[in-house]
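Participant: Please see the structure below; I have some questions.
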Amino acid sequence: MIFCINGTFVSEKKATLSVLDNGFLYADGFYDTLRVYDGVFFELPLHLKRIAASAEAMDIPLPWGLRNIGKWLSEIVRRNSLSDARVRITVTRGAQGRDFSRARKPTIVITCEKLNLKKGSPKEASACTMLLERPLPSIKTLGLQHLVLAAKEAKRKRVSEVIGVDALGFVREGVTSNVFVVRSGRLLTPKNRILCGLTRSLVLKLARKMGLMTTIRDFKRSLLLSSDEVFLCNRVREIVPIVRINGKKIGNGHVGSITKRLIASYEEAVRNFIEKN
Ligand SMILES: Cc1ncc(COP(=O)(O)O)c(C=O)c1O
């Protein structure tokens, strides 16, 4: 694979960074994950907007400008002949010497990975809940230790997903996804202390278009476990139905009808997007 470091394209083997980079030393930076379908970035402007917002929130300048970042993204697709892929942009405060709060020369790295996601009937996933609180939940910050710990916990519990619950028992988000539940035909998703994912926004839009009632409010683990349907969503994996949590069946233990309709609607939105672009 060819990666991009500060605008220079290099092979994976030759891609290196300073060991004094704030990203390495302090996990001081943020990232964004984009999805490529048929060689086209899905909703690229929304990702560039989120990158600008994250940079502003973390007070890390983007001296290259969003235009160049957009150009490098296209170049990554071209040089790696990407069709279906995940592309990650990582921005750090860079190597700052002693004054580590300044950002004289931030670092930007673009990496990518080809995807071979199977199409067809939605995979039924099982999950466990776990205490999970991110310090800056509205930003995709580096410092993803919880992701590694969650993966270990999932392995131990023989599930594929982890749903984060805070110290007061409120459901927040998946490790790298947002959570939705369906109760009596109504769609519900947490409101506070989460990353308001781009997939979450699209799912809410599609649900409203389908005439579903949607509510954005916080709820506790007990409500999650007694819901008719549960699913997680993010850019790369789209909508992932959860049919069992902490060993308890959700609904009848199979993908629910509203989740199926939303999956179909999401796939249609992607198809329409690809056709138009
Ligand atoms: C903590 C967290 N929540 C939610 C999401 C989903 O965001 P998006 O739909 O924009 O991929 C992610 C994605 O990585 C995430 O890391």
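Participant: Arg88: basic (Lys, Arg) and closer than 16 Å to Leu66 by Cα, yes or no?
Facilitator: yes
Participant: Could you check Met58 against (1) surrounded by 14 or more Cβ atoms within 10 Å (Cβ to Cβ); (2) away from the ligand (no atom under 16 Å from the Cβ) and say which number it fails?
Facilitator: Failed condition: (2).
Participant: If we keep just the residues of region 179-227 that are assigned to a helix (DSSP H, G or I) and among the β-branched types (Val, Ile, Thr), which is farthest from the ligand (Cβ to nearest atom)? First the steps, then the outcome.
Facilitator: From region 179-227, those assigned to a helix (DSSP H, G or I) are 198-209, 221-225; that's our starting set.
Checking which are among the β-branched types (Val, Ile, Thr) leaves us with 199, 203.
Details: Thr199: 3, Val203: 9 Å.
Residue satisfying both the conditions and the ranking: Val203.
Participant: What number of residues within region 97-121 satisfy the criterion of being buried (at least 19 other Cβ atoms within 10 Å of the Cβ) and not hydroxyl-bearing (Ser, Thr, Tyr)?
Facilitator: Qualifying residue count, region 97-121: 6.
Participant: Name the residue that is farthest from Lys249 (Cα to Cα), counting only residues in region 120-155 that are touching a strand residue (DSSP E or B) at 6+ places or on another chain (Cβ under 9 Å) and among the charged types (D, E, K, R).
Facilitator: Selected residue: Lys140.
Participant: Examine region 174-191 for a residue that is closer than 23 Å to Ala264 by Cβ, in contact with a Lys or Arg (Cβ under 6 Å, 6 or more places away or on another chain) and either among the polar types (S, T, N, Q) or not assigned by TED's automatic domain parsing to the domain that holds Met130 (or both), and state whether such a residue exists. Before the answer, list the steps.
Facilitator: So in region 174-191, the residues closer than 23 Å to Ala264 by Cβ come out as 174, 177-189.
Still in the list and also in contact with a Lys or Arg (Cβ under 6 Å, 6 or more places away or on another chain): 178.
Now drop any that are not either among the polar types (S, T, N, Q) or not assigned by TED's automatic domain parsing to the domain that holds Met130 (or both), which leaves 178.
Yes, region 174-191 contains at least one residue that is closer than 23 Å to Ala264 by Cβ, in contact with a Lys or Arg (Cβ under 6 Å, 6 or more places away or on another chain) and either among the polar types (S, T, N, Q) or not assigned by TED's automatic domain parsing to the domain that holds Met130 (or both).
Participant: Let me ask another. Going by what's in this entry, would Leu117 be described as under 21 Å from Val159 (Cα atoms), within 16 Å of the ligand (Cβ to nearest atom), at pLDDT below 95 and part of a loop (DSSP other than H, G, I, E, B)?
Facilitator: Details: under 21 Å from Val159 (Cα atoms): yes; within 16 Å of the ligand (Cβ to nearest atom): yes; at pLDDT below 95: yes; part of a loop (DSSP other than H, G, I, E, B): yes.
Yes.
Participant: May I ask you to list the residues in region 230-256 that are part of a strand (DSSP E or B) and either small (Gly, Ala, Ser) or more than 23 Å from Leu168 (Cα to Cα) (or both)? Explain how you work it out, then say what you get.
Facilitator: Start the filter on region 230-256 by keeping residues that are part of a strand (DSSP E or B), which leaves 230-234, 238-245, 248-249.
Residues satisfying the conditions are Cys233, Asn234, Glu238, Ile239, Val240, Pro241, Val243, Lys249.
Participant: Can you pull out every residue in region 3-49 that is away from the ligand (no atom under 16 Å from the Cβ), farther than 15 Å from Asn80 by Cβ and of a type in the set (A, V, I, L, M)?
Facilitator: Matches in region 3-49: Leu17, Val19, Leu20, Leu25.
Participant: Only residues in region 111-137 that are without any contact (Cβ under 8 Å) to a residue 40 or more places away in the chain and under 30 Å from Ile2 (Cβ atoms) count as the first member; pair them with residues that are surrounded by 14 or more Cβ atoms within 10 Å (Cβ to Cβ) and small (Gly, Ala, Ser), Cβ under 7 angstrom, at least 6 apart or cross-chain, and list the lot.
Facilitator: Lys114/Ala85
Participant: Please give the number of the condition Ile239 fails out of (1) out of contact with any Phe, Trp or Tyr (no Cβ under 6 Å at 6 or more places or on another chain); (2) buried (at least 18 other Cβ atoms within 10 Å of the Cβ).
Facilitator: (1)
Participant: Test of understanding: among Arg35, Arg50, which residue is in contact with an Asp or Glu (Cβ under 9 Å, 6 or more places away or on another chain), assigned to a helix (DSSP H, G or I), in contact (Cβ under 8 Å) with a residue 40 or more places away in the chain and not hydroxyl-bearing (Ser, Thr, Tyr)? Break it down stepwise before answering.
Facilitator: Working: Arg35 fails: assigned to a helix (DSSP H, G or I).
Exactly one residue qualifies, and that residue is Arg50.
Participant: Okay, moving on. Identify, please: which residue in region 209-225 is charged (D, E, K, R) and farther than 21 Å from Arg261 by Cβ and is, among those, surrounded by the fewest Cβ atoms within 10 Å (Cβ to Cβ)? Reasoning before the result, please.
Facilitator: First pass over region 209-225, keeping only residues charged (D, E, K, R): 209, 217-218, 220-221.
From the residues that got through so far, the ones that are farther than 21 Å from Arg261 by Cβ too are 217-218, 220-221.
Values: Arg217: 9, Asp218: 17, Lys220: 13, Arg221: 16.
Taking the candidates together, the pick is Arg217.
Participant: While we're looking at this one, here's another question. Residues being surrounded by 20 or more Cβ atoms within 10 Å (Cβ to Cβ) and within 22 Å of the chain's Cα centre (by Cα): count how many of those fall in region 242-254.
Facilitator: Here the count works out to 3.
Participant: Across region 156-178, which residue is surrounded by the fewest Cβ atoms within 10 Å (Cβ to Cβ) among those that are part of a strand (DSSP E or B) and among the β-branched types (Val, Ile, Thr)? Break it down into steps so the answer makes sense when it comes.
Facilitator: Applying the first criterion (part of a strand (DSSP E or B)) to region 156-178 yields 161-165, 170-174, 178.
Retained after the next criterion (residues that are among the β-branched types (Val, Ile, Thr)): 162-163, 165, 171.
Details: Val162: 25, Ile163: 25, Val165: 20, Val171: 26.
Among them, the one singled out is Val165.
The values are calculated or read from the model by the stated rules, or taken from the named source; none is laboratory data. If you're wondering where the values come from, they're calculated on a predicted model, not measured in any experiment. Because the Cβ atoms are built from the backbone with ideal geometry, glycine has one as well, and the counts that use them run over all protein chains shown.
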